[in-house]
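The values are calculated or read from the model by the stated rules, or taken from the named source; none is laboratory data. These numbers were taken from a predicted model, which means no experiment stands behind them. Cβ placement follows ideal geometry from the backbone for every residue including glycine, while neighbour counts extend to all protein chains displayed. What goes into the accessible areas is simple: the full protein's heavy atoms, side chains included, and nothing from ligands, DNA or RNA. Shrake-Rupley method; radii C 1.70, N 1.55, O 1.52, S 1.80 Å.
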Amino acid sequence: QVQLVESGGGLVQPGGSLRLSCAASEGIFRLYTMGWYRQAPGKQRELVASITSGRSTNYVDSVKGRFTISRDSAKNTVYLQMNSLKPEDTAVYYCNKIPPRSGAWGQGTQVTVSS
């Protein structure tokens with residue numbers, strides 16, 4: 001069973017930065033388009049950023065220019081650099097392939113943006 005382990009979340013003030021990491025237990029994930037998703041309280045999980053195996057990226061409009069997704073295939077790791085954070089970015093952040101593998105969801109990492 002593949003495992004995805006997210007880390008790097010925390011409490012940060014508005015305008016601050018965080019770097020999230022997602023480590024996959026299976027090397028095969030380097031072949032897939034990977035995404036960072038987030039789920040805020042009372043809301044549905046949404047895809048915020050994606051990266052193909054060829055490192056093409058895409059972002060939801062609300063994070064464009066602030067978030068950067070990247071990957072290190074040798075380490076089976078995907079990153080999300082988040083800058084200029086806003087309170088509305090507060091959520092639990094998850095990674096998974098696109099489309100997501102239902103059994104691969106990890107625990108996520110909590111990001112809280114608050115003064």
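Taking a sphere under 13 Å around the Cβ of Trp105 and counting the other residues whose Cβ falls inside, with K and R at +1 and D and E at -1, yields a net charge of +3.
If I take R0 = 22 Å and measure r between the Cβ atoms of Ala74 and Ile98 in this structure, what FRET efficiency does the formula 1/(1 + (r/R0)^6) give, to the nearest 0.05?
Numbers: r = 21 Å, r/R0 = 0.95.
Result of the calculation: an efficiency of 0.55.
Ignoring aspartates and glutamates fewer than eight residues from Lys43 along the same chain, the ones with Cα atoms less than 18 angstrom from its Cα are Asp61, Glu88, Asp89. Under 15 Å of direct C-alpha separation, and excluding same-chain neighbours fewer than eight residues apart, Lys75 reaches these aspartates and glutamates: Glu6, Glu26.
Considering only protein heavy atoms, what per residue accessible area in square angstrom results for the chain with a 1.4 angstrom probe?
Numbers: 5970 Å² over 115 residues.
That works out to 52 Å² for each residue.
Summing charges over neighbours of Leu4, with a neighbour being any other residue whose Cβ is under 11 Å away from its Cβ, gives 0 when K and R count +1 and D and E count -1.
Each peptide in 27-37, 12-22 gets a packing score, the mean of other Cβ atoms within 10 Å over its residues, and the list from highest to lowest is 27-37, 12-22. Can you tally the net charge around Lys75? Count Lys and Arg as +1, Asp and Glu as -1, for every other residue whose Cβ sits under 15 Å from the Cβ of Lys75. Residues close to Lys75 contribute a combined charge of +1. Highest mean packing comes first when the peptides 43-56, 84-97 are listed by Cβ atoms within 10 Å, giving 84-97, 43-56.
Quick one: compute a quarter of the convex hull surface over the Cα atoms of segment 31-91 and quote it in nm².
Values: hull surface 17.6 nm².
About 4.4 nm², averaged over all directions.
In whole angstrom, the chain maps to an equivalent ellipsoid with semi-axes of 22, 15, 13, each derived as √(5λ) from the alpha carbon gyration tensor and ordered largest first.
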